[in-house]
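As structure tokens, the structure follows; a few thoughts come after it.
The values are calculated or read from the model by the stated rules, or taken from the named source; none is laboratory data. Everything numeric in this text was worked out from a predicted model, so none of it was measured. Cβ placement follows ideal geometry from the backbone for every residue including glycine, while neighbour counts extend to all protein chains displayed. Each accessible area value is taken on the protein alone, full model and side chains, heavy atoms only, with ligands, DNA and RNA left out. Shrake-Rupley method; radii C 1.70, N 1.55, O 1.52, S 1.80 Å.
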Amino acid sequence: MTRRAMTSLAAFLLAGCNAAPRGLATPGGPLGPCPDSPNCVSTDAADAVHAMPPLPFRDTPAAALERARAALLREPRTRIVDERADYLHAESRSRLMRFVDDVEILVDSTAGVVRFRSASRVGRGDMGVNRARMERFTARFNGAPE
């Protein structure tokens, strides 16, 4: 590979790792929809590729948010970047290429459920990473031992 090609590839990968988030919830609004690509899961999605069930809770919304926060932070290379009374936005980085996935948690106190969305910022596929992350999150939120 030529030096120019390697420089171009490095620039492309760095730009992909630092891409801006897409489709995030607006303050007080619903979660954004998943894109057509299969690298997103959401409790608000209706299709089988993207859908996951919301998580019911019986404790207070504040306690549910704290359990969600603790469950989410058990994921490696994950950090909270925005936190409000009923909402969390985190970034999870892949181990090797450092690609960023956005994870959103919304405590819906009216419905008594925690809703979420996890999506890759770049690319089409994610080899099931977002779904696996949110399945682990669901288990932790529900108190399953690891």
From zero outward in steps of 5 Å, how is the percent of C-alpha pairs of the stretch 22-96 spread across the bins?
3, 13, 19, 24, 25, 11, 3, 0
So how much slack lies between residue 73 and residue 47, counting 0.36 nm per residue of separation and subtracting their Cα-Cα distance, in nm?
6.6 nm
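Do me a favour and compute the ellipsoid semi-axes for the chain from its Cα gyration tensor, root of five times each eigenvalue, largest one first, whole Å.
Numbers: eigenvalues 176, 46, 39 Å².
Gyration-tensor ellipsoid for the chain: 30, 15, 14 Å.
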At 1.4 Å probe radius, can you tell me the per residue accessible area of the chain in Å²?
57 Å²
Estimated distance in nm for a label pair at residue 81 and residue 142, the labels positioned 7 Å out from Cα along Cα-to-Cβ
2.9 nm
Enter the mean projected area of the convex hull around the alpha-carbon atoms of the stretch 41-85, in nm², rounded to one decimal.
4.1 nm²
Gain upon complete extension [residue 59, residue 96; 0.36 nm per residue less C-alpha separation]:
9.5 nm
